[in-house]
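The values are calculated or read from the model by the stated rules, or taken from the named source; none is laboratory data. What you are looking at is a predicted structure, and each value in this text was computed from that prediction instead of being measured. All Cβ positions, glycine included, derive from the backbone under ideal geometry; neighbour counts span all protein chains shown.
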Amino acid sequence: MREEKIAEKELQNLKEVTIRFAGDSGDGMQLTGSQFSDTTALFGNDLGTLPDYPAEIRAPAGTLYGVSGFQVHFSSADIYTPGDTPDVLVAMNPAALKINLKDLKLGGTIIVNTDSFDSKNLALAKYESNPLEDEALLSNYKVYPVAITTLNATALKESPLSNKDINRCKNFFALGLMYWIFNRPIEPTIKWIYEKFGKKLDIAQANEKALKTGYYYGETTETFTTRYSVEPAQLPKGVYRNIAGNEAIALGFVAASLKSGLPIFLGSYPITPATDILQYLASYKNFGVKTFQAEDEIAGITSAIGASYGGSLALTTTSGPGMALKTEAMGLAVMTELPLVIINIQRGGPSTGLPTKTEQADLFQAIYGRNGECPIPVIAASTPSDCFFTAIEASKIALKYMTPVILLSDGYIANGSEPWRLPDPDSIPEIPVSYRTEVEGFYPYLRDENLARPWAVPGTPGLEHRIGGLEKANINGNVSYDPDNHEFMVRLRAAKVQKIQQDIPDLEISYEQEGELLVLGWGGTYGAITEAVVKARAEGHKVSQVHLKHLFPFPKNLANVLNSFKNVLLPELNLGQLAKVLRSELFIDTISLTKIKGLPFKSSEIQNKIVEILGGNNGN
Amino acid sequence: METKIENKIETNEIKYTSKDFSSDQDVRWCPGCGDYSVLAQVQRTFPDIGIKKENMVWISGIGCSSRFPYYMNTYGFHTIHGRATAIATGLKLSRPELSVWVATGDGDLLSIGGNHFIHTCRKNVDLKLLLFNNKIYGLTKGQYSPTSEKGKITKTSPYGSVDYPFNPPLLALGSEATFIARSLDRDPKHLQEMIKRAADHKGTAFLEIYQNCNIFNDGAFELLTDKETKADNVVVMTHGKPLIFGKNNDKGIKLDGFRPVIVDLNDPNNSVNDLWVHDEFDSSPVRASILSHFTDMPGMPTPIGIFRQISKPTYNEGLKKQIELVTEKKGKGTLKSLLYSDGTWEVN
Ligand code: SF4
């Protein structure tokens, strides 16, 4: 019976679709979006997601600043971003429509919850008249009005839940409808509902009912005449999971812990958007992970320094304002040459700035922001799944060179997700670590071939020694105020960090190895740059691409790579920080493309710049 | 009944002497500084606390007293201002088998490090905190500290400071420290005993040591240490004993409701049996709080000894136990189980 009906409706095949779910921050849009993404991932599409939520946890209902959104881009081919402009907008109230309409593709689809378009909500959204009656809206977009609240309430009238709780199920109605329109299975979400609400059976059943009602609504109503199908992508063989950057970082450090044989100690203070890492690691107790939710950011890093002194794989996680507070302690870790990874999930700054928005403006802070000559290696993750490998690499550098390392991520890749082909755990190399136990000839500031000092942890008989933040005499590590020794040690610490370059693989250029234009990026702009380059090349523009993970020290061949191109385009979510570093360190000028709106680049913004630079000559 | 609360750090058969604990570094405190005595009493006591030298760690912040680790031939870490307790916490949590000691001053612990101090106490991290309280900033050459008395004239308060001081044992008590004691640099025997008791305690042990800075705050504790005045100005708190002081042991303290009163024991109307009998292990913090307040009450003697010692599981034990329980329940994690958990799918 049902199949007949489906046959009556048109099934249209699409290559890729971008959907944005938007509603009040209490409407469950993040959950709706992530369920849709998980199901889509299971279905076999490649995808990218972008949650966009306000800093207020429950902003007043109906307001413009309380709108929470979740964007998912899925495709039957490789994709690199959560999509520039949505094809479909699900707007649960007038405020959500108002905020998001400007991003929607012209001619795109809008599904609105008409029940929320009453005079009160229209006023809160600062609409003078009902936009659903606006001719321009109706002619420029395909608008599907659905009385989601009423339909949901009618479907659940038998439910023992209160009216308020019934109303809270309406996001599942919307999700069900989207599953129908985009031809996705509803079973994974039903399974998830019972895992999540299993103990509260009434709620689980109501959510399931709402989901199914939404799905069948699409099937039976006359409103929707077309459904769309996006075929699974041809992804490489393997086992996949959907992963967001913060979870990948947590997993990466657990991997580094198992591969090095060192237990993890994380000292951290909750801060958006880094808190997830503390939450994930706190749940990995059966991996011997110790998490310490410290009294403040400073105790977060200093407790980690204490644990590093004791021989742990020590970590501290934070975001910009927390980095500022940890600065003095980073100097101590440099002076005492203890391994430590400092993870900064960058957000909009300065000060409290834009806590839930993304930015790359902490690069100067990471490279330069400490008192004294205080070199700390800096590496940056480029995609959600790359966070896993970057965490491992940061650990490796810290342990091999006995140094703190700064790992930069950002709010965009921290919360955004993508399907990840899981690595074979056995393919991840061991991380060799040894504590000093040999008493004979021991001095705390001896050097190995990498200029690293020995790690002599308390509890080792015969190696009792003292370290601290005062300048150290070379080799014996006693306090020293000797001028020549100070200069020697300053240069030694710098040389040690520079030595890390020996382990950094040469940059590999994608496409032509020399020519008119290279797009250089670092960190979380990778997806947008890659998409822009792929599209520009598809249009016949000759443009190459390279992406930096190691920001301090740089890969050995960076200058050569940049000098092989007439122009280097450098998109950054700041006012051109890497561009300035390149100018001062390598005397190389780049074309700096900057954006500082708390939002990631759209690939079209980069693509347009590529076309503009190449002018009419396509780079030939 | 004696309910001594003991620590369970691996003990030692080797017999050490105090010399084994002195490092090869020249001690650089000003001649006559009270810090020398604290160092000497620690070195004298440590052979008796039965912990292997390599399992002892001294951690300090910044200030005169924070040079302490350099002079001890154990593991030592001279860190940054105010953060010693936080660094010590990280070390203790990562290596619970170590005996971790913090040497700190009134500025280091109670001003810049105040936050870490109260939270260390609250969490009952198994650390020994030795507060060298000289009521002045010595290393920066004489500014008032958070324990300086109101009206103190220093270089930064030429007309007298207008702020009120902290009462350290009271702060520790309010922060739920499980061991709170006070001693004097010039009372070596008593100080040694307190160090030993702190070593034996399991949980945050807070020992305030009145320490004379003979350069910038000389004589701050003279009344308490001078032979002539000491007996009339100090009351030694001893478990199970009445609070008696005075040159001829003729002054007693009794409680009138919540108000302590001094009574003359020469007066036949007053009996020793009515005096306040000190209970170190009192489960209620009320009496310890009154004792802590003695220093703010004109005419009352300054108490030294243990204000209160209680027993409750430490943070480090709790963390360890939780890891064991979860590991027992879930089994030891492997990378494969972690990566390939729920929500995976296969592409062929
Ligand atoms: S300044 Fe005072 S506290 Fe510091 S070493 Fe000299 S006497 Fe001791």
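What to note about this one:
- Verdict on A:GLU231 being away from every other protein chain (no Cβ under 11 Å), in contact with a Ser or Thr (Cβ under 8 Å, 6 or more places away or on another chain) and at pLDDT below 95: yes
- Qualifying residue in region B:320-338 (condition: outside any loop (DSSP other than H, G, I, E, B), touching a residue at least 40 places away in the same chain (Cβ under 8 Å) and within 14 Å of chain A (Cβ to nearest Cβ)): yes
- Region A:203-318 holds strands (runs of 3 or more DSSP E) entirely within its bounds, and those carrying 3 or more residues that are out of contact with any helix residue (DSSP H, G or I) (no Cβ under 7 Å at 6 or more places or on another chain) map to A:226-230, A:238-244.
- All positions within region B:120-144 that are on the phi < 0 side of the Ramachandran plot, within 18 Å of the chain's Cα centre (by Cα) and more than 10 Å from the ligand (Cβ to nearest atom): B:THR120, B:CYS121, B:ARG122, B:LYS123, B:VAL125, B:ASP126, B:LEU127, B:LYS128, B:LEU129, B:LEU130, B:LEU131, B:ASN133
- Residues that are within 16 Å of the ligand (Cβ to nearest atom) and more than 7 Å from chain A (Cβ to nearest Cβ), drawn from region B:70-82: B:TYR71, B:HIS81
- Residue check: A:LEU251 meets all listed conditions (1) in contact (Cβ under 8 Å) with a residue 40 or more places away in the chain; (2) within 18 Å of A:ALA398 (Cβ to Cβ); (3) more than 10 Å from every other protein chain (Cβ to nearest Cβ) but one, namely (3).
For every residue, the table says whether it meets (1) under 17 Å from B:LEU207 (Cβ atoms); (2) in contact with a helix residue (DSSP H, G or I) (Cβ under 9 Å, 6 or more places away or on another chain).
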{"residue": "B:PHE68", "(1), (2)": "yes, yes"}
{"residue": "B:TYR75", "(1), (2)": "no, yes"}
{"residue": "B:PRO96", "(1), (2)": "no, yes"}
{"residue": "B:GLY107", "(1), (2)": "no, no"}
{"residue": "B:THR120", "(1), (2)": "yes, yes"}
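Here is a yes/no grid of residues against (1) at pLDDT below 95; (2) more than 16 Å from the chain's Cα centre (by Cα); (3) more than 15 Å from the ligand (Cβ to nearest atom):
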{"site": "B:TYR36", "(1), (2), (3)": "no, yes, no"}
{"site": "B:ARG44", "(1), (2), (3)": "no, yes, yes"}
{"site": "B:GLY50", "(1), (2), (3)": "yes, yes, yes"}
{"site": "B:PHE68", "(1), (2), (3)": "no, no, no"}
{"site": "B:THR85", "(1), (2), (3)": "no, no, yes"}
{"site": "B:GLY90", "(1), (2), (3)": "no, yes, yes"}
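- B:VAL57 being more than 16 Å from the ligand (Cβ to nearest atom), under 18 Å from the mean Cα position of the chain (by Cα) and of a type in the set (Val, Ile, Thr): yes
- Taken over region B:139-166, the criterion of being within 18 Å of B:LEU110 (Cβ to Cβ) and aromatic (Phe, Trp, Tyr) is satisfied by B:TYR144, B:TYR164, B:PHE166.
- Flag for B:THR85 being surrounded by 24 or more Cβ atoms within 10 Å (Cβ to Cβ), more than 7 Å from chain A (Cβ to nearest Cβ) and of a type in the set (S, T, N, Q): yes
- Single residue of region B:291-319 satisfying the filter (within 14 Å of another protein chain (Cβ to nearest Cβ) and assigned to a helix (DSSP H, G or I)) that is nearest to A:LEU281 (Cα to Cα): B:LEU319
- Here region A:171-199 is the region considered, the condition is being among the aliphatic types (A, V, I, L, M) and not in a loop (DSSP other than H, G, I, E, B), and the residue that is nearest to A:GLU10 (Cα to Cα) is A:ILE181.
- Residues of region A:348-393 satisfying the condition of being aromatic (Phe, Trp, Tyr) and either within 20 Å of A:PRO82 (Cα to Cα) or assigned to a strand (DSSP E or B) (or both): A:PHE388
- Of all residue pairs spaced 6 or more apart or on separate chains, those with beta-carbon atoms under 6 Å, a first member in region B:123-134 that is within 14 Å of B:SER183 (Cα to Cα) and among the polar types (S, T, N, Q) and a second member that is more than 13 Å from the ligand (Cβ to nearest atom) and in a strand (DSSP E or B) are B:ASN133/B:GLU208.
- Extreme residue, surrounded by the fewest Cβ atoms within 10 Å (Cβ to Cβ), among residues of region A:413-446 that are modelled with pLDDT under 95 and more than 14 Å from chain B (Cβ to nearest Cβ): A:SER434
- Test: residue in region B:14-26 that is surrounded by fewer than 20 Cβ atoms within 10 Å (Cβ to Cβ), within 27 Å of B:HIS116 (Cβ to Cβ) and within 14 Å of another protein chain (Cβ to nearest Cβ): yes
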